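Report on the structure given below.
The values are calculated or read from the model by the stated rules, or taken from the named source; none is laboratory data. All values reported here derive from a predicted model rather than from experimental measurement. Note that each Cβ is placed from the backbone with ideal geometry, even for glycine, and that neighbours are counted across all protein chains shown.
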Amino acid sequence: MRFRKLQYLNLLVVIVGMMIISPFTSRSPALRMVNNIVLTLVLLSVVNTVKKQRATFLIGLVLGIPWVLLSWIRLIDSIAVPPEILSVMSMIFDGYIVFVLLRHIIRAKRITADILYGAVSVYILLGIFFASLYFFLDAITPSELFIYAGAGTTGGPVDGTGLFYFSFVTLTTLGYGDIQPVADISRIFAILEAMTGVLYSAALIGRLIGLYVAQSGRAEAADKDPGRDQ
């Protein structure tokens, strides 16, 4: 029961763990195997979160299992699975999970701490979704879409880790400037991601926190004065 009440917290912990491990996975096959295990845990955690409705659960499995399987196959043979295929599968799965979680959070009748964890999880998943989108666009476009342009950089093309970093820098509107979009299509999606990050954190997370504080205040007042609501 405790696990189910904190299902969004469990999801958040798994996603953050994946993000912490991911920069080290390129150093050896063993570390890449660890990353794939973490990806599998993300899938299982997400499915556990959305499985209350059978149709939602089945669609999540249909979209998520191919993504995980392709990740394992690419670990064994990188040529067998093109990177753009893997990024498309990741985009589809992440987009679906964002839609399902966001719908559940918005429709929640009572704002709990776990709902807030869910909102933060969606925020992180948005960054992962846009990272997959950038990786896909970069893989199918002959010309460079992103370059290193900051001080001390070579100005060369950006790899997958760099695109992941760029996505979250853009989502949070930090704007370090060490990676820059140099094509119209990459600039457009960077603008859309920045707008999404600002509006999501200000409009949704801010509103949820306000409702949560208000509900907690009413609950404390009711505990101090049991006859107030009678």
Going through the range 16-75 one residue at a time, which ones are among the small types (Gly, Ala, Ser), within 16 Å of Phe93 (Cα to Cα) and surrounded by 13 or more Cβ atoms within 10 Å (Cβ to Cβ)?
Ser45, Gly60, Gly64, Ser71
Can you confirm whether Leu133 is part of a helix (DSSP H, G or I), in contact (Cβ under 8 Å) with a residue 24 or more places away in the chain and buried (at least 21 other Cβ atoms within 10 Å of the Cβ)?
yes
Give the residues of the range 73-98 that are closer than 17 Å to Val47 by Cβ and of a type in the set (A, V, I, L, M, F, W, C), sorted by residue number.
Met89, Ile92, Phe93, Ile97, Val98
May I ask you to verify whether Asn36 is modelled with pLDDT of 80 or more and touching a Phe, Trp or Tyr at 6+ places or on another chain (Cβ under 8 Å)?
no
Looking at Ile124, Ile128 in this structure, which one is at pLDDT 90 or above, within 10 Å of the chain's Cα centre (by Cα), part of a helix (DSSP H, G or I) and surrounded by fewer than 20 Cβ atoms within 10 Å (Cβ to Cβ)?
Ile124
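This table checks each residue for (1) within 27 Å of the chain's Cα centre (by Cα); (2) aromatic (Phe, Trp, Tyr); (3) part of a helix (DSSP H, G or I); (4) at pLDDT 90 or above.
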| site | (1), (2), (3), (4) |
| --- | --- |
| Ala151 | no, no, no, no |
| Gly155 | no, no, no, no |
| Phe189 | yes, yes, yes, yes |
| Glu193 | yes, no, yes, yes |
| Gly197 | yes, no, yes, yes |
| Ala203 | yes, no, yes, no |
| Val213 | yes, no, yes, no |
| Gly217 | no, no, yes, no |
| Gly227 | no, no, yes, no |
